[in-house]
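Chemist: Pasting a structure here, questions to come.
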Amino acid sequence: MDFAFTPEEEAFRQEVRQWLKKEIPPRWIELDAGLWEETEESWALSREFQRKLSQKGWLAPAYPKEYGGSEMSHMRRLILSEELNYNRAPVSIEVEISVNWVGPAIMLFGTEEQKKKYVTEVAKGESIFCLGYSEPNAGSDLASLQTRAVEDGDGYVINGQKSWCSYAHYANYCWLGARTDPDVPKHKGISMFIVDMKTPGITVRPLINILDCHSFNEVFFDDVRIPKESLVGEKNNGWYQLVMALDFERSLIGTAAANQRFIEELLQHAKEADRGGARLADDPLIKDELAEIAVENEVLRMMCYRIAWMYSKNLHPSYESSMSLLFCSELLRRLANVGMRVLGPYGQLDMDSKWAVLNARIMRAYLSALSIGVGGGSNEIQRNIVAMRGLGLPRQQ
Ligand SMILES: Cc1cc2nc3c(=O)[nH]c(=O)nc-3n(C[C@H](O)[C@H](O)[C@H](O)COP(=O)(O)OP(=O)(O)OC[C@H]3O[C@@H](n4cnc5c(N)ncnc54)[C@H](O)[C@@H]3O)c2cc1C
């Protein structure tokens with residue numbers, strides 16, 4: 001097997017690296033904001049960076065040119081994603097949500113007008129989406145969602161509550177799942193809508209996450225009137241569209257590169273630090289754990305490459321996405337655990353302590369890693385998908 005990139009692809013990687021060296025703002029590096037850690041300042045920096053990325057044609061690299069993309073190959077998209085992740089560029093989940101999850105779903109199911117407007121806005125870094133899926137009584141069992149969209153004259157009226165909506169406080173639009181027919185089996189009465197977040201009747205309330213940051217929200221819809229053209233695809237066929245969008249959500253391609261950076265930093269620390277008079281890197285248990293995690297990250301990298309390869313062949317990753325998300329989320333938790341053991345008690349210190357090691361990044365990764373096996377569907381749900389769609393095991397006993 002030959003996993004080598006072509007010389008042109010390697011040259012592209014170098015070009016991306018050089019560009020990132022120049023364009024990642026020094027203030028961003030200083031802030032060192034990690035996953036789910038946005039502040040007003042870090043948000044403004046990342047939005048500005050994303051506009052630059054889009055001017056370069058690299059925000060939505062694989063999109064068709066007519067919708068603001070560069071029609072880049074999925075292998076180049078993979079390289080770009082690896083470099084953005086490894087170099088901790090100001091690109092976070094809002095780009096994933098808008099460019100890699102919702103945009104492709106609109107391209108599959110939207111009208112030409114919807115594609116021209118929303119997909120292009122997303123590719124240009126002008127707009128972002130939030131996801132209106134989960135509700136207080138519909139998480140893993142998402143098909144039980146109760147938010148109603150009732151046809152009324154030339155539009156729909158939305159009533160209901162969504163929870164855990166990441167970045168709804170910044171989003172221009174909500175990619176909303178709502179019930180349009182309550183009298184049919186639950187999977188058959190759902191439709192997907194694009195809702196302008198400025199529409200009267202929408203209230204966004206913050207939910208503070210484990211890192212003490214505002215990343216997600218509750219969103220309330222009270223008699224929210226939206227035009228008929230907000231419906232995406234066929235009425236009552238929304239479940240199918242939502243599941244496709246979830247497959248995109250679970251298709252991670254750059255995460256192994258982000259982990260690689262953590263592993264390298266831990267290795268460096270182990271080589272330099274002393275514990276009880278001996279070099280940490282000489283501790284056989286630490287060596288064992290670091291080696292194990294490095295091997296596992298290579299496995300994740302292969303899973304990422306498989307997904308990129310499937311996209312390059314116009315195949316739709318389904319259980320393959322769930323496999324990689326499941327493996328990735330469990331690996332992230334193990335990596336953060338190993339990190340905490342390597343750093344010892346220093347690992348618990350936050351950035352404001354002068355004794356904090358590696359900018360307290362491992363401690364923050366330890367906390368945020370808990371959420372990775374929940375967002376996008378919990379690990380148990382990913383296992384169920386792999387069992388049913390991947391292994392052909394029965395849905396119910
Ligand atoms: C960081 C983060 C970001 C998020 N962002 C968004 C967002 O932007 N938009 C949005 O709509 N939602 C978002 N979510 C919500 C997320 O999709 C839900 O939390 C997730 O689907 C689980 O639903 P729940 O929290 O209601 O848990 P529940 O569904 O109540 O599950 C509770 C437990 O029961 C287990 N369980 C449930 N059903 C089964 C089953 N059939 N088999 C085995 N085990 C089962 C679960 O695995 C879990 O351990 C986000 C969540 C997180 C953590």
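The values are calculated or read from the model by the stated rules, or taken from the named source; none is laboratory data. Quick caveat: nothing in here was measured; it's all calculated off a predicted structure. Note: ideal-geometry Cβ built from the backbone for every residue, glycine included; neighbour counts use all protein chains shown.
Chemist: Determine whether the stretch 124-133 contains at least one residue that is away from the ligand (no atom under 12 Å from the Cβ) and among the β-branched types (Val, Ile, Thr).
Modeler: No, the stretch 124-133 contains no residue that is away from the ligand (no atom under 12 Å from the Cβ) and among the β-branched types (Val, Ile, Thr).
Chemist: Of all residues in the stretch 257-294, which are within 30 Å of residue 74 (Cα to Cα), in contact (Cβ under 8 Å) with a residue 60 or more places away in the chain and small (Gly, Ala, Ser)?
Modeler: The answer is 257, 258.
Chemist: Restricting attention to the stretch 19-46, which residues are touching a residue at least 60 places away in the same chain (Cβ under 8 Å), closer than 21 Å to residue 128 by Cα, away from the ligand (no atom under 16 Å from the Cβ) and surrounded by 16 or more Cβ atoms within 10 Å (Cβ to Cβ)?
Modeler: Within the stretch 19-46, 24, 28 meet the criteria.
Chemist: Give me a count of the residues in the stretch 356-397 that are in contact (Cβ under 8 Å) with a residue 24 or more places away in the chain, within 10 Å of the ligand (Cβ to nearest atom) and out of contact with any Phe, Trp or Tyr (no Cβ under 8 Å at 6 or more places or on another chain).
Modeler: Matching residues across the stretch 356-397 total 11.
Chemist: Still on this structure, I have one more. Is it the case, given these coordinates, that residue 167 is within 28 Å of residue 16 (Cα to Cα), within 16 Å of the ligand (Cβ to nearest atom) and either out of contact with any Lys or Arg (no Cβ under 8 Å at 6 or more places or on another chain) or at pLDDT below 95 (or both)?
Modeler: yes
Chemist: Next question, about the same structure. Inspect the stretch 196-211 for any residue being farther than 18 Å from residue 128 by Cα, modelled with pLDDT under 95, touching a Leu at 6+ places or on another chain (Cβ under 8 Å) and outside any strand (DSSP E or B) and give the result as yes or no.
Modeler: Among the residues of the stretch 196-211, at least one is farther than 18 Å from residue 128 by Cα, modelled with pLDDT under 95, touching a Leu at 6+ places or on another chain (Cβ under 8 Å) and outside any strand (DSSP E or B), which makes the answer yes.
Chemist: Which one of 127, 140 is over 19 Å from residue 230 (Cα atoms), of a type in the set (Gly, Ala, Ser) and surrounded by fewer than 19 Cβ atoms within 10 Å (Cβ to Cβ)?
Modeler: Result of the check over 127, 140: 140.
Chemist: A follow-up question, please. Among the residues of the stretch 99-124, which ones are in contact with a helix residue (DSSP H, G or I) (Cβ under 8 Å, 6 or more places away or on another chain) and either among the aliphatic types (A, V, I, L, M) or surrounded by fewer than 16 Cβ atoms within 10 Å (Cβ to Cβ) (or both)?
Modeler: 99, 102, 105, 106, 107, 108, 111, 113, 116, 119, 122, 123
Chemist: Let me ask something else about it. Just to be sure before I move on: is residue 324 surrounded by 21 or more Cβ atoms within 10 Å (Cβ to Cβ), touching a residue at least 12 places away in the same chain (Cβ under 8 Å) and not assigned by TED's automatic domain parsing to the domain that holds residue 82 in the structure I sent? Break it down into steps so the answer makes sense when it comes.
Modeler: Values: surrounded by 21 or more Cβ atoms within 10 Å (Cβ to Cβ): yes; touching a residue at least 12 places away in the same chain (Cβ under 8 Å): yes; not assigned by TED's automatic domain parsing to the domain that holds residue 82: yes.
In short, yes.
One line per residue, one yes/no per condition, for (1) under 30 Å from residue 102 (Cα atoms); (2) assigned to a helix (DSSP H, G or I); (3) within 16 Å of the ligand (Cβ to nearest atom):
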site	(1), (2), (3)
292	no, yes, no
301	yes, yes, no
304	yes, yes, no
307	yes, yes, no
324	yes, yes, no
330	yes, yes, yes
335	yes, yes, no
